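One structure below.
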Amino acid sequence: MPAAKGAQAGAKEDTVFLAITTLTTDLSQVGTDLTSSAGGGYELNSTRAQLITERTVTVRWTATAAEANKAIFVHGKQDQSDMTWAIGTDGTGIIVGHQNGAQVISAAAAVGAKDYTISWSMRANPLTTGASDAKISELVIYNHTNATIEIVQATHVAPTSSATWDLSVGGWWDGANLILAPTNAPTKARVSSAAHPNVEEGEDWVAARTAYAGDSTAIDEPIGPLPISSGLGDQGQFAGRHPWGYAGAHAEAVKRRCWAPLVNEVLSDAQEMTQTPAPAAWAVLGPGSTAYTMMLQYLRWTPIPLGATYAWVRVHVVSYVTAGAAVPIGVRMYAMNRPPAKVKIGPIQSPALKYYYKTATLKADHGVGGTGAWLELGWVRLPRFTAAIGGWTDTIHLALAYDVDPASASTNDANERLTIDAWHVRPDYRAGAGVIEL
């Protein structure tokens, strides 16, 4: 079993493969090992590495010289004619990145007999002019031997892929062997479904900065008036509103340590959901949406602590198809000041509905009973119930919603299945536009 979240260094919510101790042992949340072969490893029909929206692939490799035409880390077709992504070297020993059967990014100089961390990230190009530069890639090569770094960027078309292609490290799996293998097999590797900036890759693979120790100073509550013998107000002592104001602000801040999650649930038998919500009586469209279905089994009513303005949200999803290719899904959390249907609370009409939401998308086939993946929805603003109505003041309604194929990019929607088997909503304070600082 993979380690608990936060227990395994280098494993993140977007990590779908992580090899640190042994190249074929997967320490990510997926927990599916590679099949060992000639110092490297491979996985047939690797849908987890079929990443065409954004990704980061990283590998640690020691070269013996300027090794030419080698395959180091690959998701591609067995006959080497096409690939989603492939890190390797060209005919002169320069580290390059390939997709769609062509080179799209390259380092400047050939490798030598050095120890390298190679990271290739890809994301949407914010300055795109069309299909030809829809994506931007960044290739980062850190030379551990000489403590030097090279960073190059390139724009290119979006990659294409197939669920029948294989993931291989330490060569290219041709159906029988790892061919084009470098002299030394890599020692570490990671595949992520998100684009990581080079600073983050440096933290993970080169040298992590010392973590902030935090401020855990205990604040004692004053007990009664302080006597003259306390020394407060003597010559050389601070007195007045500013020191006491700081102490009060500090005590107020540490109270947030006691805030508990608004939702912290793991469902042992989560309901399977499809393109057609069932039972229909439990389904309602999310506020302001014509696509996202809000299921009432994921509706929660909870008080929120005074001062909390936002919540950090993550949801654990298992997505799979009964046949055909993987289908994109969208998952959304709504935060509402009251239930979405207008209700009367005693003799008083409920206030106008106020809501905020955050959405995350996923395209994966985890398989029936698969491990699934955490989706980080991020910060959601909390519109608390503010009317002076007993039992309702300072409460909030939270709800999860989903949409199969939100961008209408798939023709396989009817075969999509998903379950939401855990979610976590942690309150916090963030200043923002229109948010009153308490």
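The values are calculated or read from the model by the stated rules, or taken from the named source; none is laboratory data. Source: prediction; values computed, not measured. Cβ atoms come from the backbone with ideal geometry, glycine included; neighbour counts cover every protein chain shown.
For region 89-112, the condition holds for no residue, the condition being that it is in contact (Cβ under 8 Å) with a residue 24 or more places away in the chain, buried (at least 16 other Cβ atoms within 10 Å of the Cβ), within 17 Å of Lys188 (Cα to Cα) and not hydrophobic (A, V, I, L, M, F, W, C). When the residues of region 298-343 are narrowed to those that are surrounded by fewer than 16 Cβ atoms within 10 Å (Cβ to Cβ) and among the polar types (S, T, N, Q), which ends up nearest to Asn412 (Cα to Cα)? Looking at residues that are surrounded by fewer than 16 Cβ atoms within 10 Å (Cβ to Cβ) and among the polar types (S, T, N, Q), I get Thr322. Only one of the listed residues (Gly391, Gly330, Gly324) is assigned to a strand (DSSP E or B), out of contact with any Lys or Arg (no Cβ under 6 Å at 6 or more places or on another chain) and not polar (S, T, N, Q). That residue is Gly330. Quick check: is even one residue across region 164-185 without any contact (Cβ under 8 Å) to a residue 60 or more places away in the chain, of a type in the set (Val, Ile, Thr) and in contact with a Ser or Thr (Cβ under 8 Å, 6 or more places away or on another chain)? For region 164-185, residues without any contact (Cβ under 8 Å) to a residue 60 or more places away in the chain, of a type in the set (Val, Ile, Thr) and in contact with a Ser or Thr (Cβ under 8 Å, 6 or more places away or on another chain): absent.
Condition check ((1) modelled with pLDDT of 95 or more; (2) surrounded by 13 or more Cβ atoms within 10 Å (Cβ to Cβ)) across all residues:
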residue: Glu200; (1), (2): no, yes
residue: Asp204; (1), (2): no, yes
residue: Gly214; (1), (2): no, no
residue: Pro222; (1), (2): no, no
residue: Pro225; (1), (2): no, no
residue: Gly248; (1), (2): no, no
residue: Ala270; (1), (2): no, yes
residue: Tyr292; (1), (2): yes, yes
residue: Met295; (1), (2): no, yes
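Yes or no, residue by residue, for (1) at negative phi; (2) surrounded by fewer than 19 Cβ atoms within 10 Å (Cβ to Cβ); (3) among the charged types (D, E, K, R); (4) in a loop (DSSP other than H, G, I, E, B):
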| site | (1), (2), (3), (4) |
| --- | --- |
| Val380 | yes, no, no, no |
| Leu398 | yes, no, no, no |
| Asp403 | yes, no, yes, no |
| Thr411 | yes, yes, no, yes |
| Leu418 | yes, no, no, no |
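For region 18-45, filtered to residues that are at pLDDT 95 or above and surrounded by 23 or more Cβ atoms within 10 Å (Cβ to Cβ), the residue that is farthest from the chain's Cα centre (by Cα) is Gly40. Does Ala66 meet the test of being in contact with a Gly (Cβ under 7 Å, 6 or more places away or on another chain), outside the structural domain of Ala409 (by TED's automatic domain parsing) and crowded, with 17+ Cβ neighbours inside 10 Å? Answer is no for this residue. State whether one or more residues within region 229-238 are at pLDDT below 90, outside the structural domain of Gly390 (by TED's automatic domain parsing) and either in a helix (DSSP H, G or I) or in contact with a Ser or Thr (Cβ under 6 Å, 6 or more places away or on another chain) (or both). Yes, because at least one residue in region 229-238 is at pLDDT below 90, outside the structural domain of Gly390 (by TED's automatic domain parsing) and either in a helix (DSSP H, G or I) or in contact with a Ser or Thr (Cβ under 6 Å, 6 or more places away or on another chain) (or both).
Would you check if there is a residue in region 125-139 being closer than 19 Å to Glu67 by Cα, polar (S, T, N, Q) and either crowded, with 21+ Cβ neighbours inside 10 Å or modelled with pLDDT under 95 (or both)? No - not one qualifying residue is present in region 125-139.
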